[in-house]
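Student: Can you keep this structure in mind? I'll have questions shortly.
The values are calculated or read from the model by the stated rules, or taken from the named source; none is laboratory data. No experiment lies behind these values; they were computed from the predicted model shown. For neighbour counting, all protein chains shown are included, and Cβ atoms are generated from backbone atoms with ideal geometry for every residue, glycine included.
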Amino acid sequence: MDENNPMSDPDQWEADLERRYPPAIQDMQPDSKFRNYQAEVRPSVRDFYRLNHEYQTVEFVKQKRKQFLSLQRERMGVWEAMEFLNTLVDDSDPDTELSQIEHLLQAAEAIRTDGHPRWFILVGLIHDLGKILCLFGEPQWAVVGDTFPVGCAYSSSIIFHEFFRMNPDWGHPDYSTQYGIYQPHVGLDHVMMSWGHDEYLYHVTKDHLPVEAQYMIRYHSFYPGHREDAYQHLFSERDQQLFDWVRKFNPYDLYSKSDARPDVESLKPFYLDLIAEFFPSKLAW
Ligand SMILES: [Fe+2]
Ligand SMILES: [Fe+2]
């Protein structure tokens, strides 16, 4: 096993999310489902969270932002990025697991079926493209996983909260208080989130999308915020309102996976048109 990448593929985190937040028991008390969840989690997923919680510090996030947010690595169109992401090596069973493109198309198609606006369908199509960070050599724990603010106390509602004790910021005088380096209700735009595929893709795409779409992309892995209602003391009123959209998107991400594989070639023309409606032919990654 690669110590930095304990899961056989980054999708194991999402498979596990679906177990943690199954559609049928969404309304159960968070506490009870949480305890059950942690007891049954697979060892590889547990190891993944251990690394994520130990290494996501203020310093680490600053360093990754500097390394990646200048967006000078590649110039790629959106469909090109989808095909690139699809080359992500996946050790799991290819007969049962969806490819990356298939997951993106299933989410987009479910959104389209429900009659949502075109920009919303587009979010379904692109929301995980930030996972190309894996192809740039980044470890799983720095690409996927629930995200959370750094620079203030880690909420006890974050899964495997106890692993944060290993994090150097845990006892830091400035970073370990409820507000940490932030003012009350400062607004999430001023809050540094743990590093991963959400924040990266937000920066790649933000200039071309409506603000609702930007929020869906930037915070779709912020489960402590959109499923556990944590960190409300940092949210602005605007964040509160826009999180309705993040919550609207979440079921399409978690529950749109079906056995019927989308026919990529027949869907491609519709999606190429949709991409061209919002994006230039190349984006900076
Ligand atoms: Fe994602
Ligand atoms: Fe996803």
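Student: Output the residue which, of all residues in segment 253-285 that are basic (Lys, Arg) and closer than 20 Å to residue 98 by Cβ, is modelled with the highest pLDDT.
Tutor: Out of the qualifying residues, it is 268.
Student: Out of segment 239-252, which residues are away from ligand 2 (no atom under 16 Å from the Cβ), charged (D, E, K, R) and either surrounded by fewer than 19 Cβ atoms within 10 Å (Cβ to Cβ) or modelled with pLDDT under 95 (or both)?
Tutor: 244
Student: Ok, one more. Which numbered condition trips up residue 213, out of (1) touching a residue at least 60 places away in the same chain (Cβ under 8 Å); (2) under 30 Å from residue 43 (Cα atoms); (3) within 15 Å of ligand 1 (Cβ to nearest atom)?
Tutor: Of everything listed in (1) touching a residue at least 60 places away in the same chain (Cβ under 8 Å); (2) under 30 Å from residue 43 (Cα atoms); (3) within 15 Å of ligand 1 (Cβ to nearest atom), residue 213 misses just condition (2).
Student: Only one of 212, 228 is away from ligand 2 (no atom under 16 Å from the Cβ) and over 19 Å from residue 130 (Cβ atoms). Can you tell me which?
Tutor: Being away from ligand 2 (no atom under 16 Å from the Cβ) and over 19 Å from residue 130 (Cβ atoms) holds for just one of 212, 228, which is 228.
Student: Out of 170, 195, report the one residue that is in a loop (DSSP other than H, G, I, E, B), aromatic (Phe, Trp, Tyr) and surrounded by fewer than 21 Cβ atoms within 10 Å (Cβ to Cβ).
Tutor: After applying the criteria, what remains is 170.
Student: Then there is this: Please verify whether segment 115-137 includes one or more residues that are farther than 18 Å from residue 52 by Cβ, small (Gly, Ala, Ser) and free of Cβ contacts under 8 Å to residues at least 40 places away in the same chain.
Tutor: yes
Student: From the list 181, 101, pick out the single residue that is surrounded by 16 or more Cβ atoms within 10 Å (Cβ to Cβ), more than 16 Å from ligand 2 (Cβ to nearest atom) and aliphatic (A, V, I, L, M).
Tutor: It is 181.
Student: I'd like the full set of residues that are more than 10 Å from ligand 2 (Cβ to nearest atom), outside any helix (DSSP H, G or I) and β-branched (Val, Ile, Thr), limited to segment 122-145.
Tutor: Selection gives 143 alone.
Student: So, in segment 159-187, exactly how many residues are over 24 Å from residue 13 (Cα atoms) and aliphatic (A, V, I, L, M)?
Tutor: 2
Student: On the given criteria, is residue 280 under 21 Å from the mean Cα position of the chain (by Cα), under 27 Å from residue 136 (Cβ atoms) and either touching a residue at least 40 places away in the same chain (Cβ under 8 Å) or not in a helix (DSSP H, G or I) (or both)?
Tutor: No, not satisfied.
Student: Spot the failing condition for residue 194; the list is (1) over 12 Å from residue 239 (Cα atoms); (2) within 15 Å of ligand 2 (Cβ to nearest atom), and only one is missed.
Tutor: (2)
Student: Name the helices (runs of 4 or more DSSP H) wholly within segment 1-94 that hold at least 1 residues that are away from ligand 2 (no atom under 16 Å from the Cβ) and at pLDDT 85 or above?
Tutor: The qualifying helices (runs of 4 or more DSSP H) are 43-55, 58-68, 78-85.
Student: Continuing with this model, one more query. Name every residue in segment 215-225 that is in a helix (DSSP H, G or I) and within 16 Å of ligand 2 (Cβ to nearest atom), in order of residue number.
Tutor: 215, 216, 217, 218, 219, 223
Student: Of all residues in segment 117-144, count the ones that are at positive phi and within 13 Å of ligand 1 (Cβ to nearest atom).
Tutor: Number satisfying all stated conditions: 0.
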